[in-house]
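As C-alpha coordinates, the structure follows; a few thoughts come after it.
The values are calculated or read from the model by the stated rules, or taken from the named source; none is laboratory data. This one's a predicted model, so the numbers in the text were calculated from it and none came from an experiment. Please note: Cβ atoms are built from the backbone with ideal geometry, for glycine as well, and neighbour counts cover all protein chains shown. Calculation scope for accessible area: heavy atoms of the full protein, side chains included, ligands and nucleic acids excluded. Shrake-Rupley method; radii C 1.70, N 1.55, O 1.52, S 1.80 Å.
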Amino acid sequence: MPYLVERMRPFTSTIFAEMSALANRTGAINLGQGFPDTDGPQSLLEDAVTAIRSGANQYPPGIGVAELRHAIARHQRRFYDLDPDPDTEVLVTAGATEAIAASILALCEPGDEVVTFEPYYDSYAACIALAGATRRTVPLRKPDFGFDPAELRAAFTDRTRIVLLNSPHNPTGKVFARRELELIAELARAHDVIVVTDEVYEHQTFDGVPHVPMATLPGMADRTITISSAGKTFSVTGWKIGWLDAPAELTAAVRAVKQFLTYVNGGPFQPAIANALDLPDGFYQQLASGLQRKRDLLTRGLRAGGLEVFQPRGTYFIVTDVAPLGYDDGVELCWRLPELVGVAAVPVAVFCDDPEPARTLVRFAFCKQDEVLAEAAERLAKLTAR
Ligand SMILES: Cc1ncc(COP(=O)(O)O)c(C=O)c1O
(Lines give C-alpha, C1' and ligand atoms only; values in the text may rest on other atoms or scores of the structure.)
Protein backbone atom coordinates (compact mmCIF):
# COMPACT_ATOMS: atom_id res chain seq x y z
CA MET A 1 0.00 0.00 0.00
CA PRO A 2 2.36 2.71 -1.24
CA TYR A 3 -0.01 5.59 -0.51
CA LEU A 4 -0.86 4.73 3.05
CA VAL A 5 0.81 6.78 5.79
CA GLU A 6 3.42 4.80 7.61
CA ARG A 7 1.75 4.86 10.99
CA MET A 8 -1.31 3.04 9.59
CA ARG A 9 0.55 0.38 7.62
CA PRO A 10 0.31 -2.25 10.36
CA PHE A 11 -3.48 -1.87 10.32
CA THR A 12 -4.54 -2.56 6.74
CA SER A 13 -6.85 -5.46 7.44
CA THR A 14 -8.71 -6.75 10.47
CA ILE A 15 -8.69 -10.36 11.50
CA PHE A 16 -12.49 -10.21 11.87
CA ALA A 17 -12.93 -9.32 8.22
CA GLU A 18 -10.48 -12.01 7.15
CA MET A 19 -12.05 -14.75 9.25
CA SER A 20 -15.60 -13.72 8.33
CA ALA A 21 -14.65 -13.83 4.63
CA LEU A 22 -13.12 -17.27 5.19
CA ALA A 23 -16.29 -18.45 6.97
CA ASN A 24 -18.40 -17.17 4.05
CA ARG A 25 -16.20 -18.83 1.45
CA THR A 26 -16.23 -22.19 3.21
CA GLY A 27 -19.76 -22.10 4.65
CA ALA A 28 -18.33 -22.52 8.16
CA ILE A 29 -20.22 -21.44 11.28
CA ASN A 30 -18.79 -18.02 12.04
CA LEU A 31 -17.80 -17.83 15.71
CA GLY A 32 -15.10 -15.35 14.79
CA GLN A 33 -16.86 -12.01 14.78
CA GLY A 34 -18.82 -10.80 17.83
CA PHE A 35 -22.23 -9.97 16.44
CA PRO A 36 -25.48 -11.61 17.55
CA ASP A 37 -27.48 -13.54 14.95
CA THR A 38 -30.84 -12.47 16.37
CA ASP A 39 -32.48 -9.05 16.52
CA GLY A 40 -32.85 -6.88 19.57
CA PRO A 41 -36.18 -6.18 21.32
CA GLN A 42 -39.17 -5.89 18.97
CA SER A 43 -40.20 -2.59 20.59
CA LEU A 44 -36.78 -1.12 19.69
CA LEU A 45 -37.14 -2.11 16.03
CA GLU A 46 -40.68 -0.72 15.90
CA ASP A 47 -39.57 2.54 17.52
CA ALA A 48 -36.89 3.02 14.87
CA VAL A 49 -39.43 2.39 12.07
CA THR A 50 -41.82 4.87 13.69
CA ALA A 51 -39.02 7.46 13.96
CA ILE A 52 -38.18 7.07 10.26
CA ARG A 53 -41.87 7.31 9.27
CA SER A 54 -42.36 10.38 11.45
CA GLY A 55 -39.56 12.27 9.74
CA ALA A 56 -36.59 12.01 12.15
CA ASN A 57 -34.36 11.75 9.09
CA GLN A 58 -32.20 14.87 9.10
CA TYR A 59 -29.07 15.70 11.08
CA PRO A 60 -29.69 15.29 14.78
CA PRO A 61 -27.94 17.76 17.15
CA GLY A 62 -24.16 17.32 17.27
CA ILE A 63 -24.22 16.03 20.84
CA GLY A 64 -27.12 13.63 20.17
CA VAL A 65 -30.90 13.97 20.51
CA ALA A 66 -32.03 15.20 23.92
CA GLU A 67 -34.21 12.13 24.57
CA LEU A 68 -31.21 9.84 24.19
CA ARG A 69 -28.84 12.00 26.27
CA HIS A 70 -31.41 12.10 29.06
CA ALA A 71 -31.95 8.34 28.81
CA ILE A 72 -28.18 7.73 29.03
CA ALA A 73 -27.99 9.93 32.14
CA ARG A 74 -30.97 8.04 33.68
CA HIS A 75 -29.29 4.72 32.84
CA GLN A 76 -26.06 5.79 34.60
CA ARG A 77 -28.06 6.82 37.66
CA ARG A 78 -30.23 3.70 37.70
CA PHE A 79 -27.40 1.17 37.42
CA TYR A 80 -24.38 2.94 38.96
CA ASP A 81 -25.55 5.95 40.92
CA LEU A 82 -23.61 8.25 38.58
CA ASP A 83 -25.19 11.56 37.73
CA PRO A 84 -23.96 13.04 34.44
CA ASP A 85 -25.60 16.24 33.21
CA PRO A 86 -27.34 15.22 29.97
CA ASP A 87 -26.61 18.59 28.35
CA THR A 88 -22.90 18.97 29.11
CA GLU A 89 -21.60 15.59 30.27
CA VAL A 90 -23.06 13.16 27.71
CA LEU A 91 -22.10 12.80 24.04
CA VAL A 92 -23.70 10.46 21.50
CA THR A 93 -21.21 8.94 19.03
CA ALA A 94 -21.03 6.66 15.99
CA GLY A 95 -20.67 3.52 18.07
CA ALA A 96 -18.21 3.06 20.89
CA THR A 97 -15.59 2.98 18.14
CA GLU A 98 -15.94 6.69 17.44
CA ALA A 99 -16.04 7.55 21.15
CA ILE A 100 -12.73 5.71 21.60
CA ALA A 101 -11.12 7.31 18.54
CA ALA A 102 -12.32 10.83 19.35
CA SER A 103 -11.21 10.52 23.00
CA ILE A 104 -7.68 9.45 22.05
CA LEU A 105 -7.39 12.06 19.28
CA ALA A 106 -8.72 14.76 21.60
CA LEU A 107 -6.41 14.02 24.52
CA CYS A 108 -3.09 12.82 23.09
CA GLU A 109 -0.38 14.99 21.60
CA PRO A 110 2.04 13.17 19.29
CA GLY A 111 4.54 11.35 21.48
CA ASP A 112 2.17 10.97 24.43
CA GLU A 113 1.70 7.50 25.84
CA VAL A 114 -1.40 5.40 26.35
CA VAL A 115 -1.34 2.59 28.90
CA THR A 116 -3.56 -0.32 27.96
CA PHE A 117 -3.79 -4.05 28.60
CA GLU A 118 -3.08 -6.79 26.11
CA PRO A 119 -4.62 -8.62 24.40
CA TYR A 120 -6.51 -5.47 23.36
CA TYR A 121 -9.50 -4.69 21.16
CA ASP A 122 -8.00 -3.99 17.75
CA SER A 123 -9.21 -0.42 17.28
CA TYR A 124 -7.17 0.71 20.31
CA ALA A 125 -3.80 0.19 18.66
CA ALA A 126 -4.96 1.79 15.40
CA CYS A 127 -6.41 4.88 17.12
CA ILE A 128 -3.32 5.36 19.28
CA ALA A 129 -1.24 5.20 16.08
CA LEU A 130 -3.57 7.68 14.32
CA ALA A 131 -2.97 10.13 17.15
CA GLY A 132 0.80 9.70 16.78
CA ALA A 133 0.84 8.42 20.36
CA THR A 134 2.61 5.35 21.71
CA ARG A 135 0.99 2.40 23.43
CA ARG A 136 2.45 0.86 26.55
CA THR A 137 0.79 -2.47 27.13
CA VAL A 138 0.47 -4.55 30.27
CA PRO A 139 -0.11 -8.27 29.69
CA LEU A 140 -3.16 -10.09 31.03
CA ARG A 141 -2.07 -13.66 31.67
CA LYS A 142 -4.01 -16.90 31.54
CA PRO A 143 -5.66 -18.68 33.28
CA ASP A 144 -7.54 -15.81 34.95
CA PHE A 145 -6.06 -12.97 32.86
CA GLY A 146 -4.82 -11.08 35.88
CA PHE A 147 -1.97 -8.56 35.57
CA ASP A 148 1.21 -8.01 37.53
CA PRO A 149 0.88 -4.78 39.57
CA ALA A 150 4.60 -4.10 39.12
CA GLU A 151 4.22 -4.27 35.33
CA LEU A 152 1.31 -1.86 35.49
CA ARG A 153 3.29 0.57 37.65
CA ALA A 154 6.25 0.34 35.28
CA ALA A 155 4.05 1.19 32.27
CA PHE A 156 3.42 4.71 33.60
CA THR A 157 5.91 7.43 32.65
CA ASP A 158 5.87 11.22 32.58
CA ARG A 159 4.47 11.00 29.03
CA THR A 160 1.42 8.93 30.04
CA ARG A 161 -1.75 10.76 29.07
CA ILE A 162 -4.46 8.07 29.12
CA VAL A 163 -5.17 4.67 30.60
CA LEU A 164 -7.39 2.90 28.10
CA LEU A 165 -9.33 0.24 29.96
CA ASN A 166 -11.85 -2.31 28.73
CA SER A 167 -14.03 -4.12 31.25
CA PRO A 168 -15.76 -6.54 30.69
CA HIS A 169 -12.80 -7.34 28.49
CA ASN A 170 -12.71 -8.45 24.87
CA PRO A 171 -11.24 -10.97 24.02
CA THR A 172 -10.59 -12.62 27.41
CA GLY A 173 -14.05 -12.28 29.02
CA LYS A 174 -12.32 -10.93 32.13
CA VAL A 175 -14.34 -8.61 34.35
CA PHE A 176 -11.87 -6.40 36.22
CA ALA A 177 -12.29 -6.78 39.99
CA ARG A 178 -12.69 -3.76 42.23
CA ARG A 179 -9.21 -4.22 43.74
CA GLU A 180 -7.66 -4.23 40.25
CA LEU A 181 -9.57 -1.09 39.32
CA GLU A 182 -8.43 0.52 42.57
CA LEU A 183 -4.79 0.08 41.63
CA ILE A 184 -5.40 1.51 38.14
CA ALA A 185 -7.25 4.44 39.76
CA GLU A 186 -4.46 5.02 42.27
CA LEU A 187 -1.89 5.19 39.47
CA ALA A 188 -4.12 7.40 37.32
CA ARG A 189 -4.44 9.86 40.19
CA ALA A 190 -0.74 9.73 41.07
CA HIS A 191 0.28 10.44 37.46
CA ASP A 192 -2.63 12.82 36.82
CA VAL A 193 -3.91 10.93 33.76
CA ILE A 194 -7.37 10.39 32.29
CA VAL A 195 -8.98 6.95 32.26
CA VAL A 196 -10.90 6.14 29.10
CA THR A 197 -13.01 3.10 29.90
CA ASP A 198 -14.74 0.99 27.25
CA GLU A 199 -17.71 -0.68 28.93
CA VAL A 200 -19.68 -1.91 25.91
CA TYR A 201 -20.29 -5.27 27.61
CA GLU A 202 -21.48 -3.64 30.85
CA HIS A 203 -24.72 -5.68 30.92
CA GLN A 204 -23.13 -8.96 29.90
CA THR A 205 -21.55 -10.42 33.02
CA PHE A 206 -22.13 -13.93 34.39
CA ASP A 207 -22.13 -16.02 37.57
CA GLY A 208 -23.22 -13.00 39.63
CA VAL A 209 -19.94 -11.15 38.93
CA PRO A 210 -20.71 -7.42 39.04
CA HIS A 211 -19.48 -4.88 36.50
CA VAL A 212 -17.81 -2.04 38.39
CA PRO A 213 -17.51 1.16 36.31
CA MET A 214 -14.22 2.99 36.89
CA ALA A 215 -16.13 6.26 37.36
CA THR A 216 -17.78 4.88 40.53
CA LEU A 217 -14.44 4.62 42.37
CA PRO A 218 -13.68 7.45 44.80
CA GLY A 219 -12.34 10.53 43.02
CA MET A 220 -12.49 8.91 39.58
CA ALA A 221 -15.63 10.46 38.06
CA ASP A 222 -13.58 13.65 37.65
CA ARG A 223 -10.97 12.02 35.43
CA THR A 224 -12.88 9.25 33.62
CA ILE A 225 -14.48 9.06 30.19
CA THR A 226 -17.00 6.19 30.29
CA ILE A 227 -17.91 4.70 26.92
CA SER A 228 -20.71 2.34 26.00
CA SER A 229 -22.88 1.42 23.05
CA ALA A 230 -26.30 0.16 22.07
CA GLY A 231 -24.79 -2.43 19.74
CA LYS A 232 -24.12 -5.13 22.31
CA THR A 233 -26.80 -4.36 24.88
CA PHE A 234 -29.63 -4.31 22.34
CA SER A 235 -28.19 -6.65 19.70
CA VAL A 236 -28.08 -3.95 17.01
CA THR A 237 -24.38 -3.81 16.20
CA GLY A 238 -25.11 -2.39 12.74
CA TRP A 239 -26.83 0.72 14.09
CA LYS A 240 -23.60 2.14 15.49
CA ILE A 241 -25.08 4.25 18.26
CA GLY A 242 -22.60 4.70 21.08
CA TRP A 243 -22.00 7.31 23.74
CA LEU A 244 -19.77 8.57 26.47
CA ASP A 245 -20.23 10.38 29.71
CA ALA A 246 -17.48 12.43 31.32
CA PRO A 247 -16.97 15.74 33.14
CA ALA A 248 -18.04 18.72 31.01
CA GLU A 249 -14.51 19.82 30.07
CA LEU A 250 -13.55 16.36 28.88
CA THR A 251 -16.83 15.92 27.03
CA ALA A 252 -16.27 19.27 25.27
CA ALA A 253 -12.76 18.23 24.23
CA VAL A 254 -13.94 14.93 22.73
CA ARG A 255 -16.88 16.64 21.06
CA ALA A 256 -14.52 19.07 19.31
CA VAL A 257 -12.89 16.09 17.55
CA LYS A 258 -16.05 14.05 17.08
CA GLN A 259 -17.76 16.84 15.13
CA PHE A 260 -15.14 16.48 12.38
CA LEU A 261 -15.09 12.69 12.30
CA THR A 262 -18.76 11.95 11.64
CA TYR A 263 -20.48 15.09 12.99
CA VAL A 264 -23.61 12.98 13.71
CA ASN A 265 -25.13 9.61 12.82
CA GLY A 266 -28.20 7.42 13.15
CA GLY A 267 -30.86 10.14 13.61
CA PRO A 268 -33.90 7.84 13.75
CA PHE A 269 -32.09 5.20 15.82
CA GLN A 270 -31.32 7.62 18.62
CA PRO A 271 -34.89 8.08 19.97
CA ALA A 272 -35.46 4.32 19.64
CA ILE A 273 -32.39 3.57 21.76
CA ALA A 274 -33.58 6.17 24.29
CA ASN A 275 -36.73 4.12 24.88
CA ALA A 276 -34.80 0.85 25.01
CA LEU A 277 -32.47 2.11 27.75
CA ASP A 278 -35.55 2.48 29.95
CA LEU A 279 -36.59 -1.17 29.48
CA PRO A 280 -37.34 -2.89 32.80
CA ASP A 281 -34.70 -4.74 34.82
CA GLY A 282 -36.04 -8.05 33.50
CA PHE A 283 -34.71 -7.25 30.03
CA TYR A 284 -31.19 -6.67 31.34
CA GLN A 285 -31.33 -9.78 33.55
CA GLN A 286 -32.47 -11.97 30.69
CA LEU A 287 -29.77 -10.60 28.44
CA ALA A 288 -27.09 -11.74 30.91
CA SER A 289 -28.71 -15.06 31.86
CA GLY A 290 -29.38 -15.95 28.22
CA LEU A 291 -25.77 -15.31 27.30
CA GLN A 292 -24.51 -17.25 30.31
CA ARG A 293 -26.49 -20.26 29.09
CA LYS A 294 -24.95 -19.87 25.64
CA ARG A 295 -21.50 -19.63 27.17
CA ASP A 296 -22.11 -22.92 28.98
CA LEU A 297 -23.42 -24.59 25.83
CA LEU A 298 -20.35 -23.70 23.80
CA THR A 299 -18.00 -24.43 26.70
CA ARG A 300 -19.22 -28.02 26.80
CA GLY A 301 -18.47 -28.47 23.09
CA LEU A 302 -15.04 -26.89 23.35
CA ARG A 303 -14.12 -29.06 26.34
CA ALA A 304 -15.43 -32.18 24.60
CA GLY A 305 -13.15 -31.28 21.69
CA GLY A 306 -10.20 -31.28 24.10
CA LEU A 307 -9.53 -27.54 24.18
CA GLU A 308 -8.65 -25.85 27.44
CA VAL A 309 -11.36 -23.29 28.24
CA PHE A 310 -10.75 -20.15 30.31
CA GLN A 311 -14.19 -19.49 31.74
CA PRO A 312 -15.25 -15.94 30.78
CA ARG A 313 -17.18 -13.89 33.36
CA GLY A 314 -18.50 -11.46 30.79
CA THR A 315 -18.72 -10.44 27.09
CA TYR A 316 -19.56 -12.58 24.05
CA PHE A 317 -16.29 -14.51 24.00
CA ILE A 318 -14.52 -17.62 25.23
CA VAL A 319 -10.74 -17.85 25.00
CA THR A 320 -9.36 -21.36 24.67
CA ASP A 321 -5.93 -22.92 24.53
CA VAL A 322 -5.47 -25.33 21.63
CA ALA A 323 -2.10 -26.61 22.88
CA PRO A 324 -3.63 -29.69 24.55
CA LEU A 325 -4.65 -30.85 21.04
CA GLY A 326 -1.08 -30.59 19.84
CA TYR A 327 -1.49 -27.34 17.88
CA ASP A 328 1.27 -24.87 18.52
CA ASP A 329 0.00 -21.92 16.48
CA GLY A 330 -3.47 -20.43 16.91
CA VAL A 331 -3.18 -18.26 13.78
CA GLU A 332 -2.43 -21.28 11.62
CA LEU A 333 -5.21 -23.31 13.25
CA CYS A 334 -7.77 -20.52 12.67
CA TRP A 335 -6.95 -20.51 8.96
CA ARG A 336 -7.54 -24.29 8.91
CA LEU A 337 -10.43 -24.61 11.34
CA PRO A 338 -13.20 -24.10 8.72
CA GLU A 339 -11.79 -26.91 6.59
CA LEU A 340 -11.11 -29.17 9.60
CA VAL A 341 -14.49 -28.89 11.36
CA GLY A 342 -16.55 -26.16 9.65
CA VAL A 343 -16.20 -23.52 12.36
CA ALA A 344 -14.42 -20.13 12.18
CA ALA A 345 -12.70 -18.46 15.17
CA VAL A 346 -10.03 -15.81 15.70
CA PRO A 347 -6.50 -16.15 17.11
CA VAL A 348 -5.76 -14.08 20.21
CA ALA A 349 -2.13 -13.41 19.27
CA VAL A 350 -3.22 -10.77 16.74
CA PHE A 351 -4.44 -8.61 19.64
CA CYS A 352 -1.04 -8.55 21.32
CA ASP A 353 2.23 -6.64 20.93
CA ASP A 354 3.97 -9.72 22.27
CA PRO A 355 2.21 -12.63 20.54
CA GLU A 356 4.27 -15.32 22.27
CA PRO A 357 2.17 -15.88 25.45
CA ALA A 358 -0.99 -15.96 23.30
CA ARG A 359 0.45 -18.17 20.55
CA THR A 360 -1.93 -21.08 21.16
CA LEU A 361 -4.98 -19.07 22.28
CA VAL A 362 -8.11 -18.94 20.12
CA ARG A 363 -11.27 -16.90 20.70
CA PHE A 364 -14.81 -18.16 20.00
CA ALA A 365 -17.95 -15.96 20.06
CA PHE A 366 -21.07 -17.43 21.68
CA CYS A 367 -23.62 -14.67 20.89
CA LYS A 368 -25.37 -17.01 18.46
CA GLN A 369 -28.66 -18.93 18.39
CA ASP A 370 -28.75 -22.09 20.50
CA GLU A 371 -29.08 -24.35 17.43
CA VAL A 372 -26.04 -22.73 15.86
CA LEU A 373 -24.01 -23.15 19.05
CA ALA A 374 -25.16 -26.76 19.47
CA GLU A 375 -24.11 -27.54 15.90
CA ALA A 376 -20.77 -25.72 16.39
CA ALA A 377 -20.21 -27.59 19.67
CA GLU A 378 -20.86 -30.91 17.92
CA ARG A 379 -18.41 -30.02 15.16
CA LEU A 380 -15.76 -28.80 17.57
CA ALA A 381 -16.08 -31.99 19.62
CA LYS A 382 -14.76 -33.77 16.51
CA LEU A 383 -11.59 -31.72 16.46
CA THR A 384 -9.06 -34.44 17.01
CA ALA A 385 -5.59 -34.20 18.39
CA ARG A 386 -2.96 -33.47 15.83
C1 LIG B 1 -14.32 -3.94 23.47
C2 LIG B 1 -15.10 -3.34 22.34
N3 LIG B 1 -15.17 -2.01 22.23
C4 LIG B 1 -15.84 -1.42 21.22
C5 LIG B 1 -16.50 -2.17 20.28
C6 LIG B 1 -17.21 -1.48 19.15
O7 LIG B 1 -18.43 -0.98 19.54
P8 LIG B 1 -19.37 -0.24 18.47
O9 LIG B 1 -19.86 -1.27 17.51
O10 LIG B 1 -20.43 0.37 19.31
O11 LIG B 1 -18.53 0.78 17.78
C12 LIG B 1 -16.48 -3.56 20.37
C13 LIG B 1 -17.15 -4.39 19.35
O14 LIG B 1 -16.84 -5.54 19.16
C15 LIG B 1 -15.75 -4.16 21.43
O16 LIG B 1 -15.69 -5.48 21.55
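What's the center-to-center distance, using Cα atoms, between the range 109-133 and the range 7-54 in Å?
24 Å
Can you say what percent of the DSSP beta bridges in the range 82-194, counting only those with both residues inside, are antiparallel? Round to 5.
Working: 1 of 12 bridges.
Roughly 10 percent of the beta bridges in the range 82-194 run antiparallel, per DSSP.
When Lys and Arg each count +1 and Asp and Glu each count -1, what net charge do the other residues less than 14 Å away from residue 94, Cβ to Cβ, add up to?
For residues surrounding residue 94, the net value is +2.
What is the percent carbon and sulfur in the accessible area of the chain, measuring with a 1.4 Å probe over the protein chains and ignoring ligands? Don't skip to the answer; put the middle values down first.
Values: 8090 of 15790 Å².
Reported share for carbon and sulfur atoms: 51 percent.
Ordering 382, 294 by accessible area with a probe of 1.4 Å, largest first, what comes out? Working shown, then result.
Working: 382 135, 294 40 Å².
Putting 382, 294 in descending order of accessible area: 382, 294.
Can you give me the solvent accessible area of residue 250 with a 1.4 Å probe, rounded to the nearest 10 Å²?
Solvent-accessible area, nearest 10 Å²: 20 Å².
Translational diffusion coefficient of the chain at 37 °C, 0.692 mPa s, Stokes-Einstein with Kirkwood Rh over Cα pairs, in µm²/s as a whole number.
Values: Rh = 21.3 Å.
It comes out at roughly 154 µm²/s.
Tell me, what HN-Hα J-couplings in whole Hz come from the Karplus equation 6.51 cos²θ - 1.76 cosθ + 1.60 at θ = phi - 60° for each residue of the range 234-248, using x for Gly and Pro?
Here the 3J(HN,Hα) series is 10, 6, 10, 5, x, 7, 6, 10, x, 6, 9, 10, 6, x, 3 Hz.
Please say if the range 29-103 is rounded, prolate or oblate, where rounded means a/c under 1.5 for a ≥ b ≥ c the square roots of the C-alpha gyration tensor eigenvalues, and otherwise the choice is prolate for a/b larger than b/c and oblate otherwise? Please list the in-between numbers first.
On the way: a/c = 1.56, a/b = 1.20, b/c = 1.30.
Here the range 29-103 falls in the oblate category.
Just read off the accessible area of residue 237 with the full protein assembly in place, 1.4 Å probe, to the nearest 10 Å².
Its heavy atoms expose roughly 50 Å² to the probe.
Please list 3, 121, 59 in order of solvent-accessible area, largest first, computed with a 1.4 Å probe with all protein chains present. Before the final figure, lay out the partial values.
On the way: 3 210, 121 65, 59 180 Å².
The ordering from most to least exposed comes out as 3, 59, 121.
How large is the accessible surface per residue of the chain, computed with a 1.4 Å probe and reported in Å² as a whole number? Spell out each step's value before the answer.
On the way: 15790 Å² over 386 residues.
In whole numbers, the chain has 41 Å² accessible per residue.
Relative contact order for the chain: what is it in percent, counting Cα pairs under 8 Å that are at least 6 residues apart? Show your work: numbers first, answer last.
Details: 794 pairs, mean separation 93.2, N = 386.
Relative contact order for the chain comes out at 24 percent.
Please report, in debye to the nearest 20, how large the charge dipole of the chain is about its Cα centre when each Lys and Arg carries +1 at its beta carbon and each Asp and Glu carries -1 there.
580 debye
Taking 7 Å along the Cα-to-C-beta vector as the label spot, tell me the residue 144-residue 13 distance in nanometres, rounded to one decimal.
3.9 nm
How many percent of DSSP beta bridges within the chain run antiparallel, rounded to 5? Intermediate values should be presented prior to the final figure.
Working: 21 of 42 bridges.
If I count the DSSP bridges inside the chain, around 50 percent turn out antiparallel.
Please state the shape class of the range 82-240: rounded when a/c is under 1.5, otherwise prolate if a/b exceeds b/c and oblate if not, all from the C-alpha gyration tensor. Working shown, then result.
Working: a/c = 1.31, a/b = 1.10, b/c = 1.19.
Rounded, because the longest to shortest axis ratio a/c is under 1.5.
So which lysines can residue 174 reach, going by Cα to Cα under 27 Å and dropping same-chain residues fewer than 8 places off?
Hits, sequence-local ones excluded: 142, 232, 240, 294, 368.
Accessible area, 1.4 Å probe, largest first: how do 313, 7, 53 sort?
53, 7, 313
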